Amino acid sequence: MKVIETEWVQGFIRMCSDGFEQGWHERNGGNLSYRIRPEEINEVRDIICDDREWTDIGTTVASLAGEYFLVTGSGKYFRNVSPDPEANICIIKVNEDGTKYKILWGLCKGGRPTSELPSHLMNLEVCKKRDENIRVVYHCHPANIIALTYVLPLEDRVFTRELWEMATECPVVFPQGVGVVPWMVPGGRDIAIATSEIMKERNVAIWAHHGCFACGEDFDISFGLMHTVEKAAEVLVKVMSMTDRKLQTIQPEDFRALNEPFGIKVDERFLYEKKSDIIGRGL
Ligand code: 13P
Ligand code: ZN
């Protein structure tokens, strides 16, 4: 079987195309990673090649030692993944102390894994610790989420509450809320640490004036989560374009009423009493 024929590589490729079609991946914007299952890497073990050199990750991910990942290439365009996967994505392996990676397949025309590899691997590491089933980390540049980082205070509480209020499904889809990382230089260890601090307990981290990270068990769940957050952000942008105050909205007791029927526990920290009715100024 060819690498690109496997179900997991097909799912990865489809997610890249879906994200591009949403307009979330201008140029080389965004990146995707998948922590490969042992039985999946066994499907392609005869094809992958283990003779390349080790390269520093730029951080340490000890709990991912010896694991395999499928990741997008740095500077590669999401729109090109489907027509030419082998040139735009790669399989890497992490070494035994979690400090280096090696390319085993892909990037056949040259290149290296995404510049956000430290963020992807550190997120995958903290996610694995809290839930072994989480395997996907997705980064993209969705316009409405980014727009909100110019007008809302960069507070987890404000972003979560305002996004939740934009659609009843939001607290059901992300009951732990979202976290916000202030503007930082992308591509390094510092922003990776800040993002993984959020991912220790939540599935969404917004990067101010840049984009968003989401994690999940599979491609559908991770893409669906990003789609839900960006849709809520779009509604909020529309509301804020019309007014700085809502005439009515979903109330804290309404959110609490979702807990039992949907089997969730909305995080009470986000159900604070608002001190102002100007959107985003209620803290
Ligand atoms: P890469 O092309 O290196 O993946 O970078 C894209 C990006 O979105 C950086 O944040
Ligand atoms: Zn980015």
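Key figures for this structure:
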| quantity | calculated |
| --- | --- |
| Set of lysines near Lys238 by C-alpha distance (under 28 Å), chain-local residues within fewer than 8 positions excluded | Lys246, Lys274, Lys275 |
| Packing-based order for 52-61, 120-129, 163-172, 234-243, using average beta carbon neighbours within 10 Å, highest first | 120-129, 163-172, 52-61, 234-243 |
| 5 Å binning of all Cα-Cα separations within the stretch 200-283, expressed as whole percents from 0 upward | 3, 10, 15, 21, 25, 17, 7, 1 |
| Reachable aspartates and glutamates, given that their alpha-carbon falls under 17 Å from the alpha-carbon of Lys100 and they are not under 8 places away in the same chain | Asp50, Asp51, Glu53, Asp56, Glu67, Glu116, Glu125 |
| Simple spin-label estimate for Leu247 and Ala65 in nanometres, 7 Å along Cα-Cβ | 6.2 |
| Under 12 Å, Cβ to Cβ, from Tyr68 - net charge with Lys/Arg +1 and Asp/Glu -1 | +1 |
| Order of Leu247, Leu117, Leu104 - criterion: other Cβ atoms within 10 Å of each residue's Cβ, fewest first | Leu247, Leu104, Leu117 |
| Calculated FRET efficiency for the pair Gln10/Arg281, C-beta based, R₀ 45 Å, to 0.05 | 0.45 |
| Tilt relative to the chain, helix 117-130 - C-alpha long axis, 0 to 90 degrees, to 10 | 70 |
| Residue-span extension gain [Asp97 to Lys129] - 0.36 nm each, minus C-alpha spacing | 9.8 nm |
| For the chain: Kirkwood Rh in Å [reciprocal of mean 1/r, alpha carbons] | 19.4 |
| Set of aspartates and glutamates near Lys109 by C-alpha distance (under 15 Å), chain-local residues within fewer than 8 positions excluded | Asp84, Glu86 |
| Whole-number percent relative contact order across the chain, with pairs defined as alpha carbons under 8 Å at least 6 apart | 18 |
| The chain: calculated mean residue ellipticity at 222 nm from DSSP helix runs of at least 4, using -39500 (n - 2.57) | -11000 deg cm²/dmol |
| Neighbour-count order for Arg37, Arg202, fewest beta carbons within 10 angstrom listed first | Arg37, Arg202 |
| Simple label model, 7 Å out from Cα along Cβ direction - Glu197 to Lys109, nm | 4.0 |
| Entries of Lys2/Lys128; Lys129/Lys265; Lys129/Lys231; Lys76/Lys129 with Cα pairs more than 24 Å apart | Lys2/Lys128; Lys129/Lys231; Lys76/Lys129 |
| Relative contact order %, the stretch 1-84, counting alpha carbon pairs below 8 Å whose residues are six or more apart | 51 |
| Linear extension gain, Glu169 paired with Asp51, 0.36 nm per residue minus alpha-carbon span | 37.7 nm |
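No value in this document is a laboratory result; all are computed from the given coordinates. All of these numbers come straight from a predicted model, not from anything done at the bench. Neighbour counts run over all protein chains shown; Cβ positions are idealised from the backbone, glycine included.
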